[in-house]
Every structure is written in structure tokens, then in C-alpha cells.
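Report on one structure; see the data block that follows.
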Amino acid sequence: MKVTPEEEDLVTELLALEYEKESLNYPFTPPAFDGPAALWGAQTVYSASQLLLYRENQAEELSFLLPAYSNTLTPEAVLSIDLCLRFLPPLLEQASSIDNQDALISVLEQHLQQWHYSAVGYDLALENLSFETVLSDNCLLQLYADRVIQRKSRRLAEHAPIQTQIKASLGHYASTFWSALS
């Protein structure tokens with residue numbers, strides 16, 4: 001699963017272009033693109049996909065093949081990593097359908113605990129989620145609320161840290177857009 005530095009540069013370039021396109025539709029002032037974070041997200045999804053397809057690695061090797069993110073958790077990192085990490089929940093569902101005791105599932109869920117913006121709609125334990133970074137940036141907070149509403153994640157919508165933003169986003173039309181939440 002070796003990737004050359006040239007390939008890493010090309011992937012980072014591609015992700016920067018994608019981020020630039022997506023951020024045109026972001027509310028408020030979007031955080032800057034974080035290249036190393038986006039690359040980590042791409043490498044994580046790539047490695048996880050390979051591990052799911054080629055079931056040859058041992059559980060002990062997973063922490064080496066899917067290392068934790070080592071830089072600071074920032075709004076820039078959250079949105080840059082999401083370019084690829086948003087594809088982890090379907091991958092996890094696939095892994096679970098193959099073997100729900102697979103060690104790959106727990107490693108990837110640990111990543112999603114930290115990067116839960118990418119996991120909105122996936123069943124994570126709410127008590128383990130930190131909303132400090134989400135609440136620190138207006139753009140990220142609104143995007144988080146929008147994703148919760150779009151995916152109708154009721155558990156997150158009723159979770160105290162973002163409940164106020166969800167209600168503000170829905171306004172008087174809560175019963176129209178999401179009657180189960182009203």
C-alpha cells in the first residue's frame with residue numbers, strides 16, 4: 001500500500017481544488033484548506049478500503065496501517081479531512097456486514113469519534129464526542145447543523161451542544177422540514 005510523494009502531492013492538489021469548489025457554498029467565512037489533514041483523510045480511506053478488500057492483515061497491524069491523526073484538531077482540519085472521511089460510514093457498514101467482530105471496525109470508529117462531522121448519521125456513542133472544535137467556528141457549526149438536518153440524525157439534533165443551532169436553522173419551519181423533531 002505504498003504511495004509515492006509525487007502521488008501524495010497530486011492527491012493533495014486534487015483535494016485542494018475540491019475543497020475550493022465546495023467552500024464556495026459554505027456559510028460565513030470558510031476555514032482555510034489543510035493539505036496534510038486532507039491527505040491523512042485520503043490515506044485513511046484508501047487504507048481502510050484496501051484492508052476491507054484484502055483481508056490478509058492481522059488486527060495488531062491495524063494501528064500501524066491506520067494511524068491516528070497526529071496534528072491539532074482545528075476547523076480547517078475537520079473540513080479538509082471530511083472530503084474523504086465522509087466515505088468511512090458506508091465502508092464501516094460494509095465491514096460490519098462481512099464480519100461485525102472485525103478489528104477494522106473498532107479502529108475506524110475510533111477515528112470517527114474524533115472526526116464525527118464525517119460520521120453524522122452513523123451510530124456513534126454521543127458521550128464520547130467533543131464539540132469544542134465544532135462550536136469554535138461559525139462555518140463549521142452551521143455545516144454540522146445542516147448535515148444533521150439533512151441526514152435526520154435525531155440523536156445529534158437533540159444533543160445539547162448543537163441543539164440550539166439546529167433549532168435556529170429550522171426556525172418556525174421545524175414541523176415542515178422535520179416533523180419528528182418538533
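Return the loop-located trypsin sites (Lys or Arg not before Pro) in the stretch 129-182 (DSSP other than H, G, I, E, B) with at most 15 other Cβ atoms within 10 Å of their own Cβ; answer none if there are none. Here the sparse-neighbourhood loop sites are Arg151, Lys152. The GluC sites (Glu not before Pro) of the stretch 61-158 that meet both conditions, a loop assignment by DSSP and at most 14 other Cβ atoms within 10 Å of the site Cβ, are Glu158.
The candidate values were (1) 29, 21, 13; (2) 53, 19, 12; (3) 31, 22, 15; the one computed from these coordinates for semi-axes √(5λ) of the Cα gyration tensor in Å carries the label (1).
Each of Phe177, Phe131 was scored by other Cβ atoms within 10 Å of its Cβ. Arranged with the fewest first, they read Phe177, Phe131. As a length-normalised measure over Cα pairs under 8 Å and 6 or more apart, the relative contact order of the chain settles at 20 percent.
Among the chymotrypsin sites (Phe, Trp or Tyr not before Pro) found in the stretch 1-65, those both in a DSSP coil and sparsely packed, with 13 or fewer other Cβ atoms within 10 Å of their Cβ, are Phe28, Tyr54.
Need the full-extension length gain, Ala168 to Tyr46, defined as separation in residues times 0.36 nm minus the C-alpha distance. One decimal, nm.
Full-extension gain reported as 40.2 nm.
Annotation: extensible slack from Leu126 through Glu8 equals 39.1 nm (criterion: 0.36 nm per residue apart, minus Cα-Cα distance). Give me the angle, in degrees from 0 to 90, between the Cα long axis of helix 75-85 and the longest principal axis of the Cα atoms of the chain, rounded to the nearest 10. Here the helix axis deviates by roughly 60 degrees. Couplings 3J(HN,Hα) for the stretch 13-18, derived from phi with the Karplus relation 6.51 cos²θ - 1.76 cosθ + 1.60 (θ = phi - 60°), are 4, 4, 5, 5, 5, 5 Hz, where x marks Gly and Pro. Go ahead and collect, in residue order, the members of the stretch 30-48 whose backbone nitrogen is under 14 Å from a label point 7 Å along the Cα-Cβ direction of Ala16. Zone members listed by number: 32-39. Between 0 and 90 degrees, the angle of helix 138-150 with respect to the longest Cα principal axis of the chain falls at about 90 degrees.
Every number in this text was worked out from the coordinates using simple rules, so none of it is lab data. Worth saying up front: this structure is predicted, and the values here are computed from it rather than measured. Every residue, glycine as well, gets a Cβ built from its backbone with ideal geometry; the counts of neighbours run over all protein chains shown.
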